[in-house]
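For reference, the structure discussed in these notes is given below.
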Amino acid sequence: MEKKKKLGVSVSISIVFFTTVLAVCLGIIGYSTYYNRMIKEYQKYECSILNLAVADFDWDAIEVTVKNQVEDESFLKLRERLDYIKRNTQIAWIYMFEPLNANETDNQRYICTGNTQKEYEDYAARGEKPVWLGKMNGTETPSDVAQKYLDYYQNSEPGEFLFFPNKTEWGYIYTTATVVRSSKGNPIGLMCVDIYMEEIERALRVFPIIVFGASIFLSAIFIILLALWLNNRVIRPLSKLKLSAEEFVKSSHGNSQPETLVFTNPEIHTGDEIEVLSDSLVTMAGDLKNYMKNLMLETAEKERIGTELSVATNIQASMLPIIFPPFPNREEFDIYASMTPAKEVGGDFFDFFMVDERHLAIVVADVSGKGVPAALFMVIGKTLIKDHTVPGKDLGEIFTDVNKMLCEANGAELFITAFEGILDLVTGEFRYVNAGHESPYILHNGKYEMHKIKAAFVLAGMDGMKYKSGSLMLEPGDKLFQYTDGVTEATDKDNQLFGDARVDAALNKHADKDVKGVITGVKEEIDKFVGEAPQFDDITMLCLAFKKKMKS
């Protein structure tokens, strides 16, 4: 037997886990909030610097400067402004450039940069010239970043800024850019400001340590206090309850004498739901003993009923034709039928028999209700219909007589919908009578269509009813399909009915098959439609194929 974990251990592990998860989530939320706040401050600061750099300047002159690539007076004024901003702000770089083809190595061309006095001196000490007008950037900017600059330069609106963090060979920086335009709105270049993100990186390294440390410390205190409280108010009372329940289970195992079962009262007085649970279990143990006594009696009774239902199922199955083909020596027709009851026994039935040498009778019927009463009434109805179907007797007269006899002995007030037909194998005439039943489908020229028949009143529904027969002609190659309402009323899990349209589609899908194939195919379509939904009504189907005329 698998060893079970103690409740106290499981509760402690759960508390530690969830408090740790809570601490981590709070740390992540705090980290994200702090980071986003810092980024917004960086953006505001860089935007203000860019607004200062581009405000009140003769950008039309710079447009000419860029076009001529000559460091003229306008260029010197721009550099002086950028130098001033660089010296008096906390930024890494301020520069202006023209984006070029992002796929080229030289994907940017500098226009002007701002430098401090020390940076100018460092350039001079190295024998280098500060970034000049027209200098290409070489491999400084990766192609993906250059593409971002180029897309923004070509598609941005006036007053719009570009923000993005950027890891470069000089460190982790945050860049803000804006498009510089002439008085006519023509883009001249991008003005960019970069700020090192060392400060935010340092803060973000320290912040999680503080948050997680404080969360773990507070969680530890919370866990200890909660564990002590749970142990006194929950764990110990439940342990007592567990011992009483285990003793009861051991005493009940294999015990056929319920009166010897004993549930020891654990005497829990916590004043809460656990005390209510304890009292309920004591009461339930007493009820269980009584239930077990009754269950033993009911089980024996159900076994007896189950045996009788099994016998009834076999008896009912033996009353319906089960051997196919039923008339192997007859070449004029073929016939197949099936009945699937919704319960152990059903109220549907079918039958077929030779009235005489040239006449074949078929019967499909459905008794109202289900179970044993319907099955018994089915036996009576089936027997009466077959006994009254004799050569030369009109089908309407047969149902009139059967209805009268059923009404005389119908204390349960059941009724039968029934369809009977007789095929003349010599002429192909098919005479029929319909007592409240479904209309049959006829296959002619390769297609099934419903042959709508006006239905008379059901059998056993009203005494004194008179029934009339009708007729139609079947040609060799035609088939007749008759069924009960369990086919059209088969229901799926969404309470949708199979319906006439699906019956029509299923029949024509399997129209080229023999009689057994038709029945099997339609049943498969019903099963596919119904799925896992339970069967609510008996399903009965019969298919008759008229293959050739009998020689008279």
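The values are calculated or read from the model by the stated rules, or taken from the named source; none is laboratory data. None of these values were measured; they are calculated from a predicted model. Every residue, glycine as well, gets a Cβ built from its backbone with ideal geometry; the counts of neighbours run over all protein chains shown. Just the protein is used for accessible areas: all its heavy atoms, side chains included, with ligands, DNA and RNA removed. Shrake-Rupley method; radii C 1.70, N 1.55, O 1.52, S 1.80 Å.
With a 1.4 Å probe and all protein chains left in place, how much accessible area per residue does region 21-138 have, in Å²?
Values: 6680 Å² over 118 residues.
Result: 57 Å² of accessible area for each residue.
Within 10 Å of each candidate Cβ there may be at most 15 other Cβ atoms; applying that plus a DSSP loop requirement, which chymotrypsin sites (Phe, Trp or Tyr not before Pro) in region 57-131 survive?
Details: sites: Phe57, Trp59, Phe75, Tyr84, Trp93, Tyr95, Phe97, Tyr110, Tyr120, Tyr123; in loops: Phe57.
Listed in order of number, the matching sites are Phe57.
Can you give me the orientation-averaged projected area of the convex hull built on the Cα atoms of region 358-398, in nm²? All intermediate terms of the calculation are to be shown ahead of the outcome.
Working: hull surface 13.1 nm².
Mean projected area for region 358-398: 3.3 nm², to one decimal.
How big is region 407-504 along each principal axis, measuring the range of its Cα positions in Å and listing the largest first?
46, 43, 17
I'd like the projected area of region 338-469, averaged over all directions, using the convex hull of its alpha carbons. Report it in nm² with one decimal.
Working: hull surface 33.9 nm².
Here the figure is 8.5 nm², rounded to one decimal.
If eta is 1.567 mPa s and T is 4 °C, what Stokes-Einstein diffusion coefficient results for region 73-198, Kirkwood Rh from Cα pairs, in µm²/s?
On the way: Rh = 15.3 Å.
D, rounded to a whole number, is 85 µm²/s.
If I stretch the segment between Gln43 and Glu413 completely, what's the gain in nm (0.36 nm per residue apart, minus their alpha carbon distance), one decimal? Please list the in-between numbers first.
Working: separation 370, 0.36 × 370 = 133.20 nm, distance 8.74 nm.
Answer, rounded to one decimal: 124.5 nm.
What number does region 45-130 give for Rg over Rh if you use C-alpha atoms and the Kirkwood radius?
Working: Rg = 13.8 Å, Rh = 14.2 Å.
Ratio of gyration radius to Kirkwood radius for region 45-130: 0.98.
With the full set of protein chains in place, find how many percent of the accessible area of the chain is carbon and sulfur; take the probe as 1.4 Å. Mind showing how you got there, number by number?
Details: 17340 of 30670 Å².
Result for the chain: 57 percent of the exposed heavy-atom area is carbon or sulfur.
Which value, to two decimals, describes the C-alpha radius of gyration of the chain once divided by 2.2 N^0.38 Å? Kindly include the intermediate steps, with their values, before the conclusion.
Values: Rg = 46.9 Å, N = 552, 2.2 N^0.38 = 24.2 Å.
So the Cα radius of gyration is 1.93 times the expected 2.2 N^0.38 Å.
Could you state the number of Å between the C-alpha centres of region 108-128 and region 324-400?
108
Please report the Cα spread of region 433-489 along all three principal axes, rounded to whole Å, starting with the longest.
41, 27, 13
Provide the gained length on full extension for the span Lys454 to Asn232, in nm with one decimal, where the gain is 0.36 nm per separating residue minus the Cα-Cα distance.
72.0 nm
For helix 73-87, report the angle its Cα long axis makes with the longest principal axis of the Cα atoms of the chain; keep it between 0 and 90° and round to the nearest 10°.
Approximately 80 degrees, to the nearest 10.
Applying the Karplus parametrisation 6.51 cos²θ - 1.76 cosθ + 1.60 with θ = phi - 60° to the phi angles of region 227-243, what ³J(HN,Hα) value in whole Hz is obtained for each residue in order, glycine and proline being reported as x?
Those phi angles translate into 5, 5, 5, 5, 4, 6, 9, 10, 5, 4, x, 5, 5, 4, 4, 5, 4 Hz.
Please list, in chain and number order, the residues 5+ apart from Asp478 or on another chain whose amide H is under 5 Å from its amide H, with Hs placed from the backbone.
When sequence neighbours closer than 5 places are left aside, the close amide H contacts are Phe546.
Apply the Karplus curve 6.51 cos²θ - 1.76 cosθ + 1.60, θ = phi - 60°, to the phi angles in region 173-189 and return the couplings in whole Hz, x for Gly and Pro.
Per-residue couplings from phi come out as 10, 10, 10, 10, 9, 9, 7, 8, 10, 6, 5, 8, x, 6, x, 9, x Hz.
For the Cα atoms of the chain, what angle does the longest principal axis make with the long axis of helix 273-319, in degrees from 0 to 90, nearest 10?
For helix 273-319, the angle is close to 50 degrees.
Taking amide H positions as placed 1.01 Å from N in the peptide plane, with prolines and chain starts having none, which residues 5 or more places from Asn115, or on another chain, fall under 5 Å of its amide H?
Distant-sequence amide H within range of Asn115: Asp83.
Which of the listed residues, Val206, Tyr174, Thr113, is farthest toward the dipole's positive end in the chain, when Lys, Arg count +1 and Asp, Glu count -1 at the beta-carbon?
Comparing the listed Cα positions along the dipole, Val206 ranks first.
What is the diffusion coefficient of region 495-552 in µm²/s, taking the Kirkwood radius over Cα pairs and the Stokes-Einstein relation at 10 °C with a viscosity of 1.306 mPa s?
122
Which FRET efficiency value, to the nearest 0.05, do you get for Asn101 and Ile13 by plugging their Cβ-Cβ distance into 1/(1 + (r/R0)^6) with R0 = 45 Å? Mind showing how you got there, number by number?
Details: r = 60 Å, r/R0 = 1.34.
E(calc), rounded to 0.05, equals 0.15.
Residue by residue, what Karplus-based ³J(HN,Hα) values in Hz, rounded to whole numbers, does region 44-53 have, using 6.51, -1.76 and 1.60 with θ = phi - 60° and x for Gly and Pro?
4, 5, 5, 5, 5, 5, 5, 4, 5, 6
Which angle from 0 to 90°, rounded to the nearest 10, does the C-alpha axis of helix 395-408 make with the longest principal axis of the chain?
90
Using helices alone, what [θ] at 222 nm do you get for the chain, with -39,500 (n - 2.57) per DSSP H run of 4 or more residues, divided over all residues and rounded to the nearest 500? Walk me through the numbers before you get to the answer.
Numbers: 13 runs with 255 residues, N = 552.
Helix-only estimate at 222 nm: -16000 deg cm²/dmol.
Might you tell me the accessible area per residue for region 405-495, computed with a 1.4 Å probe and given in Å²?
Details: 4210 Å² over 91 residues.
Ligands and nucleic acids excluded, the result is 46 Å² per residue.
Using modelled amide H (1.01 Å from N, peptide plane; none on Pro or chain starts), what sits under 5 Å from the amide H of Asp348, excluding residues fewer than 5 places away?
The list, which skips near neighbours in sequence, is Val367.
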